[in-house]
Amino acid sequence: MNNTIFINRNRGLWSSLWKRILVILAVFGPATITAMADNDAGGVATYSIAGAKLGYPILFLLPVITLLLALTQEMGMRLTVITRRGLADLIRERYGVRASVFMFGTLLIANLGTLITELSAVKTTSGMFGIPSVPAVIVVVIIAFVLITRGNYKMTQSIMLVACLFFLVYIFSAVKARPDWNLALSNLAYPHGVEFTPLYMKDYLIIGMGVLGTTITPWGQFFISSFAYDKKIEKGKVGLSQLETYWGAFLTDFFSFFMIVATAATLFVNHVVLDSGERAALAIAPFAGKIASQMFAIGILNAGFMGLVIVSLSTAYAFAEFFGLSGSLDDSFKKSKTFYILYIAQLLIATLFVLLTNVSLFQVALVTQIINAIGLPLVFYFLIKLTSDRDLMGEFVNNAFQKNFASISSVVIVLASAFTIVAVFLKL
């Protein structure tokens, strides 16, 4: 009798636990994928350059950037779950066609630059494994094409979540680099350990803007909203969705930390000049070993593929919402024709550009990330205004901290962007 009661209780506990897991899985995906996709090939290049040129002090920016990423992506997630509308859709409705055209045009230009960066990384890094660059690029593009045009939402989400696991290779590379862990961890609290010359401070601000621009992107704010809408998350699960955004923000900069540490401990310490992310994989080999170098390269290839899919989708999603068209991964090609055509067109344009030109991944990545950082305040403006509208959000309106932190951050980004533009384009 007692054994029967014990077995029934265990069954009840397992059943309750399984139900909770299913509830979590029902909302899990959009925030984690969006945040991890910020660590795309351009992101790896930017983090690598930051670590190689600035050393451990650049880590000081990560906690603040992580908090800002968590807050803003949570706003986008909450906005969509509560209103059942995407961010781009609400901008069109509340601010008109002119705002929609301007925002989409800016997003399209920046995203094309990002896609070129992704494929450039695939082109150059594939050589480390003895794979011809042109076939490597074509194969990756074909896979990205088939995944979206022949798959559906569930398949896309599952493959992207599996791709997230490959970021574990950066932990291995960082450990093999034998860094000064005390110096690395203490720089999260305050920057130190280098000579802060005027030239270093200028580089710190410019590259710091690149780190911000690759971690918190305009496309990321639109994608998390659209992807969550496509997942059809119910209003009652908004709390779990919020938790996932915080988890995703932590996870993306957790891996960013190891990317920076790997290059700071090898390239910065040994004064090795670096101009791109894929060169980082080669450059760390003499100091961290061949296996660490190959792991770093595998991470770049994976990041390039993931970024290629997600960034292309973000543009297609945004276009559909900005101009009131149908766009869903669960729709047929016929129903969402414009959505799929725009997705394919981006892949073709980026592929032709990469295969027909000798583009510099470093230049494209850095300029694209700076454009992203400059465009962020405008995206934040719309996001803050919409999520602070009590008529729209009801009890889920922004609290004072969310609104003020995002607003103050926007002002700081505008000021830093102005200096960056002067420093980069006028070469002061």
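Observations on the structure shown:
- Residues in region 64-100 that are in a loop (DSSP other than H, G, I, E, B) and in contact with a Ser or Thr (Cβ under 7 Å, 6 or more places away or on another chain): GLY86 alone.
- Test: LEU386 is over 30 Å from ALA121 (Cα atoms), part of a helix (DSSP H, G or I), modelled with pLDDT of 90 or more and not aromatic (Phe, Trp, Tyr): yes
- Meets criteria (of a type in the set (Val, Ile, Thr), out of contact with any Lys or Arg (no Cβ under 9 Å at 6 or more places or on another chain) and crowded, with 24+ Cβ neighbours inside 10 Å) for THR106: no
- Hey, PRO218 over 23 Å from the mean Cα position of the chain (by Cα) and buried (at least 17 other Cβ atoms within 10 Å of the Cβ) or not: no
Rundown of residues vs (1) surrounded by 21 or more Cβ atoms within 10 Å (Cβ to Cβ); (2) within 20 Å of ASN372 (Cα to Cα); (3) modelled with pLDDT of 85 or more; (4) within 14 Å of the chain's Cα centre (by Cα), yes/no style:
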| residue | (1), (2), (3), (4) |
| --- | --- |
| ALA50 | yes, yes, yes, no |
| LEU54 | yes, no, yes, no |
| LEU79 | yes, no, yes, no |
| VAL101 | no, yes, yes, no |
| LEU112 | no, yes, yes, no |
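- For region 247-305, the set of residues classified as at pLDDT below 85, of a type in the set (Asp, Glu) and over 11 Å from THR125 (Cβ atoms) consists of ASP275 only.
- Tally of residues being among the small types (Gly, Ala, Ser) and surrounded by fewer than 24 Cβ atoms within 10 Å (Cβ to Cβ) across region 190-215: 2
- Qualifying positions in region 243-269 - part of a helix (DSSP H, G or I) and β-branched (Val, Ile, Thr): THR245, THR252, ILE260, VAL261, THR263, THR266
- Screening VAL162 with (1) surrounded by 12 or more Cβ atoms within 10 Å (Cβ to Cβ); (2) under 29 Å from PHE333 (Cβ atoms) gives one miss only, at (1).
- For region 129-143, the count of residues that are in contact with a Phe, Trp or Tyr (Cβ under 6 Å, 6 or more places away or on another chain), within 20 Å of THR351 (Cβ to Cβ) and either not in a helix (DSSP H, G or I) or not aliphatic (A, V, I, L, M) (or both) is zero.
The values are calculated or read from the model by the stated rules, or taken from the named source; none is laboratory data. What you are looking at is a predicted structure, and each value in this text was computed from that prediction instead of being measured. Note that each Cβ is placed from the backbone with ideal geometry, even for glycine, and that neighbours are counted across all protein chains shown.
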